[in-house]
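Have a look at the structure below before the remarks.
The values are calculated or read from the model by the stated rules, or taken from the named source; none is laboratory data. In this text the structure is predicted, and so the values were computed from the model without any measurement. Counting neighbours? That spans all protein chains shown, and the Cβs are built from the backbone with ideal geometry, glycine included. For accessibility, only protein heavy atoms count, side chains too; no ligands or nucleic acids. Shrake-Rupley method; radii C 1.70, N 1.55, O 1.52, S 1.80 Å.
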Amino acid sequence: MTESFTAQPTDSSEEARITRLLTWLSLMAIVFLVGIGTKAWNADHAVHAWTLWAFALPITLNMAHFARTGNRAAQKGGLITVVGLLFAYLMASGGESNTGPLWFFVFPPLLFYLTNLKTGTAILLFCYLLAVVVFQFPNLPLVTAEYSTDFKIRFFAALTFESIFCFVLEASRLKARNELMELARTHEHAARTDELTGLANRRDMQHRLLAEFSRFQRSGHHFSIVLIDLDLFKAINDQYGHDAGDEVLKTFAGLMRTVIRQTDVAARWGGEEFLLLLPDTSLLQALTLAERLRAEVETTEFVFGKQQLPVSISAGVCSIAKASSVDELLKQADVHLYSAKEAGRNRIAPRVRSLGGHDAANPVTQS
């Protein structure tokens, strides 16, 4: 296949950071619930104390469930649900001295950080509606607190300002994060890709070769390489100009994409040299593919402006079965490429004969 760039995602690392944050927040919530519950108990608010202690139980169970399953979505949803119910209770009961609603101000930043902007806004609007109902209808069941008009105005004004502020900050953070990720992907792609042809560059191919060699050592999956050189390329540059040479390189790169398989990797090895990495491919299969590519090049018209350019390739093929390391594999392919050029160019080396006595690669020698 052609060079296929896969960006290294950073989502997993961010999710891991959120998981650690949730774990610490859960532990802190348990400590605060136990501590404030104890304070309420000592102040003879037994019902309030037992309610706060009871909220520590689902937070603990949520932590245990995540430790057992590793389900991050369930961890987020569980904590948000418990905290939301806790704030609803504090708002309805007033907590101690009607200060319960003040704890709600920790909710908007946590909500926007753990969810997305749309979900966070929807949950906040629901909480607003709940607060309006509790404040305006103090005689509802389970509502035991009454708040002054001044407190209600200040509470909603402060909560509205905080919610908008958190929304803007989180939107800015997400925008900056996405821009940084896109910039990182662009730089990573540039570091792995040849700018002219769009193929993998030498650096990326070296990494892929080492990875494929490691796979061969682990599982015994053979692979082969094809080292390709455009014949008399310097003459094309000298006679027709470097723009013509660049056009030849791009056209040849596109031609390779049509010949190789999806599992194969094509790279510009340097100058007019290219390298194919062919996973799960024997020497004979690699020779067959290289010969098919050679024949395609021979029958393809390379045109720059209105001038047809004389283009052919020579290639050296080697299988990992014939080498003990990546360096030796490359050296043998280079030796075969040199042999192909010495034998007249426009050919593939080595010339391997099948059991029937026919050449596995049957090139046409350039006249």
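Observations, loosely collected:
- Under 5 Å, built H, 5+ apart or other chain: amide partners of Thr193: Asn201
- Residue among Gly95, Gly305, Gly241 with the largest mean-square fluctuation in a Gaussian network model of the chain, springs linking Cα atoms under 10 Å: Gly305
- Whole-angstrom gap from segment 255-315 to segment 109-182, using each part's C-alpha centre: 61
- In segment 95-182, GluC sites (Glu not before Pro) in a DSSP loop with at most 13 other beta-carbon atoms within 10 Å: Glu146
- Taking a straight Cα-Cα cut-off under 30 Å and skipping sequence neighbours fewer than 8 places away in the same chain, the lysines within cross-link reach of Lys250 are Lys234, Lys306, Lys331, Lys341.
- Computed from phi, the 3J(HN,Hα) profile of segment 200-213 under the Karplus parametrisation 6.51, -1.76, 1.60 (θ = phi - 60°) reads 4, 8, 4, 4, 5, 5, 4, 5, 5, 4, 5, 5, 5, 5 Hz, with x in place of Gly and Pro.
- Put Arg202, Arg68, Arg208 in order of accessible area, highest first, and with a 1.4 Å probe you get Arg68, Arg202, Arg208.
- Three-way shape call for the chain based on the alpha-carbon gyration tensor, with the a/c threshold at 1.5: prolate
- Shape category assigned to segment 96-191 from the gyration tensor of Cα positions, a/c cut at 1.5: prolate
- Here the sum of -39500 (n - 2.57) over DSSP H runs of 4 or more residues, divided by the residues of the chain, equals -21500 deg cm²/dmol at 222 nm, to the nearest 500.
- Net length available on complete extension from Met28 to Arg261 is 78.4 nm, with 0.36 nm assigned per residue and the Cα-Cα distance removed.
- Net charge, Arg294 excluded, C-beta distance under 11 Å - Lys, Arg +1, Asp, Glu -1: -1
- Environment charge at Gln136 (Cβ cut-off 13 Å; Lys +1, Arg +1, Asp -1, Glu -1): 0
- Heavy-atom accessible area per residue - segment 80-213, 1.4 Å, Å²: 57
- In this simple spin-label approximation, Ala54 and Glu296 carry label points 7 Å from Cα along the Cα→Cβ vector, and these lie 7.2 nm apart.
- Cα-projected label distance for Leu169 with Glu273, points at 7 Å along beta-carbon direction, nm: 5.6
- Net charge over other residues, Cβ less than 13 angstrom from the Cβ of His222 (K, R count +1; D, E count -1): +1
- Label-to-label distance, Ile153 versus Lys331, with points set 7 angstrom from Cα along the beta-carbon direction: 8.8 nm.
- Only lysines eight or more places from Lys76 in sequence, or on another chain, were considered; those with a Cα closer than 24 Å are Lys118, Lys175.
- Gyration tensor verdict on segment 5-151 (Cα atoms; rounded if a/c is under 1.5, prolate if a/b is larger than b/c, oblate otherwise): oblate
- Heavy-atom accessible surface of the chain: percent carbon and sulfur, 1.4 Å: 61
- Pairwise Cα distances in segment 227-318 exceed 18 Å for 41 percent of all pairs.
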